[in-house]
Amino acid sequence: MAAFKSYETVRKDRDGNEIHLTGRAIGAAEGSIVVMLASLGRQGSDFDDLAERLALKGYRVILPEPRGIGGSTGPMKGLTLHDLAADVAYVVETQTTAPVTMLGHAFGNRLARTTAADYPALVSRVILLACGGLVEMPEESMKALMGCFDDNLSPDEHIECVRKGFFADGNDPEVWRDGWYPQVMRMQSSAVRKTDVEDWWEAGGQPMLVVQALDDVIALPANAHDIKKRLGERIALAELPNAGHAMLPEQPAEIARIVQDYLTA
């Protein structure tokens, strides 16, 4: 099995600030490319299992880290999703051969769609794991989500928030006990609030696969049903039982199968 290889690149934003962007890649250099964008305040390693499975099938997978994780640095205030999409686009331009498949999980689904909308020549299709952003989550789910980033909670209180917000009943949340970055969460949440949903909801006209966990209490299934109803045949919808918002550690083999089937169809 090929090993993950690290990369680093630097770009300048519109104000002349240096943005250091880091991440990892796996798979054959000549393989079709999939860029994976992680959930709110989380790191690219959440995709390690899926990336390895795709690499074994001949794909090359790029796992960028957002500003504030790993060696990625840059201004963290006053950003929109368009600013963060520019980071992703620069990684695509410097580390891959476009166009690529853009895969986003949870928060990453917003960023994947923004990147596709802003840089259509770089993105051939989009895969959404947890297609949230339009239908609001219940208040209890929002409390659980915010609790995952609350350093003042006890370990038991914290893991209970992870369980309630991210995992279906009966699935073990321990695999996601760690890996929460509050500063990154605040930066990304602010960027979402500063960006109109209409800017990114339809991903600039690119075809999309939506993988919807049926027990997701944060990105509710109504979001996936809405986009399927709006866009019809441009959307392939796969519903995933026995999985919540975390999804990746809950149903790794099934998610890999669904993604691989879409990539080869």
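Here the chain carries DSSP beta bridges of which approximately 35% are antiparallel, counting only pairs with both residues inside. This model, with +1 at the C-beta of Lys and Arg and -1 at the C-beta of Asp and Glu, gives region 168-219 a dipole about its Cα centre of some 340 debye. Here the spin labels are modelled as points 7 Å beyond Cα on the Cα-Cβ line, and at K77 and R234 they lie 3.8 nm apart.
Can you give the FRET efficiency for S124 and M146, using 1/(1 + (r/R0)^6), R0 = 30 Å, r = Cβ-Cβ distance, to the nearest 0.05?
With R0 = 30 Å, the Cβ-Cβ based efficiency is 0.25.
From helices alone, the chain scores -11000 deg cm²/dmol at 222 nm; the rule is -39500 (n - 2.57) for each run of n ≥ 4 DSSP H residues, then divide by the residue total. In this structure, the residue pairs whose Cα-Cα separation is over 31 Å, taken from K77/K143; K12/K229; K57/K228; K194/K229, are K12/K229.
To make sure I understand, if each residue's beta carbon is the centre and we count other beta carbons within 10 Å, what order do S189, S72 fall in, fewest to most?
Ascending Cβ contact count within 10 Å gives the list S189, S72.
Summarising the label geometry, the points placed 7 Å from Cα in the beta-carbon direction at H225 and A98 lie 3.7 nm from one another.
In the elastic network of the chain, a GNM with C-alpha springs shorter than 10 Å, the most mobile of A253, A224, A85 is A253.
Among rounded, prolate and oblate, which fits region 132-265 when a ≥ b ≥ c are the square roots of the eigenvalues of its C-alpha gyration tensor, a/c under 1.5 means rounded, and a/b larger than b/c means prolate? Oblate is the answer for region 132-265, as a/c is 1.5 or above yet b/c matches or exceeds a/b.
A dipole drawn for region 136-229 from +1 and -1 charges on Cβ atoms has a positive end, and of G179, A224, W200 the residue lying farthest that way is W200. Can you grab the distance from the C-alpha centre of region 177-219 to the C-alpha centre of region 1-54, Å, no decimals? Rounded to whole Å, the Cα centres lie 18 Å apart.
Averaged over residues, the count of other Cβ atoms within 10 Å places the peptides 113-123, 231-241, 22-32 in the sequence 113-123, 22-32, 231-241, highest first. Summarising the label geometry, the points placed 7 Å from Cα in the beta-carbon direction at V135 and R257 lie 2.5 nm from one another. Charging the Cβ of each Asp and Glu at -1 and of each Lys and Arg at +1, and nothing else, the dipole of region 203-244 about its Cα centre rounds to 220 debye. Dipole size of the chain about its Cα centre, with +1 on Lys/Arg Cβ and -1 on Asp/Glu Cβ: approximately 780 debye, rounded to the nearest 20.
All of the numbers you see were taken from the coordinates with simple rules; none came from a lab. Keep in mind that what you see is a predicted model, and the values were worked out from it rather than measured. Positions of Cβ are generated from backbone atoms using ideal geometry, with glycine treated the same way; all protein chains shown enter the neighbour counts.
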